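Undergrad: Sharing a structure, written as C-alpha cells. Questions coming.
Quick note: the coordinates plus some simple rules give every number you see, no bench work behind them. All values reported here derive from a predicted model rather than from experimental measurement. For neighbour counting, all protein chains shown are included, and Cβ atoms are generated from backbone atoms with ideal geometry for every residue, glycine included.
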C-alpha cells in the first residue's frame, strides 16, 4: 500500500510540474483509495474575467489499473445537465490513458470554444453515474483516485 501511495504522489507531482500555461483554472478532487461514493458530488468553482475569449473544458481522470470497468459515466451540471461516457480502456482491456506504474490518467474534452457573456464565478458539479446495466447504481466506485477540471483559453 505504501508503494502505491508513493507512486501516486510521484505521478501527481509530475503532472503538476508539466501542466499547461494556458490554463485559467485547474483543480483536482482526490478520492485517494477510498473510492467515489454515489452520493459524493464534486464541485469545481472557477472565475471568468475575460468575456472576449472562448474557453475549452477538460476533465482529467486518474485511476489505478485495478479499475474494474472499461468506461466511466458521469453526470455534469453547470448551466445545463449532461451525461457523458469516458472510455478508459479499449475492447481488449488496454488502458487509453497514459501513466506510470499502476496509475493512469486520461484527459476528456467535453466543451470547446465556450463563450461567456458575463464575468464572474461559475461552477461545475460532477457525479459518478455508474450502474450495473439497468439495475442499481454502484454505490462506491473503487480505483478512481482523482477527478480534475481544466479550463483554458481556446487558441483557435
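Undergrad: Pop out the Kirkwood hydrodynamic radius of the range 19-156 from its pairwise C-alpha distances, inverse of mean 1/r, in Å to one decimal.
TA: The Cα-based Kirkwood calculation yields 15.9 Å.
Undergrad: While we're on this one: Fewest to most neighbouring Cβ within 10 Å: what's the order for 115, 63?
TA: Least to most surrounded, the residues fall as 115, 63.
Undergrad: Gain in length, residue 39 to residue 90, computed as 0.36 nm per residue apart minus the alpha-carbon separation, to one decimal in nm?
TA: 15.6 nm
Undergrad: Between residue 53 and residue 136, how many nm apart are label points set 7 Å from Cα along the C-beta direction?
TA: Going from the residue 53 label point to the residue 136 one covers 4.7 nm.
Undergrad: Arranged by the count of other C-beta atoms within 10 angstrom, fewest first, what order do 108, 55 take?
TA: 108, 55
Undergrad: Still on this structure: At a 10 Å Cβ-Cβ cut-off, how would you order 131, 62, fewest neighbours first? Before the final figure, lay out each step's value.
TA: Numbers: 131 11, 62 23.
In order of increasing Cβ crowding within 10 Å: 131, 62.
Undergrad: Apply 1/(1 + (r/R0)^6) to the Cβ-Cβ distance of residue 98 and residue 125, taking R0 = 30 Å, and write down the FRET efficiency to the nearest 0.05.
TA: Efficiency for this residue pair is about 0.65.
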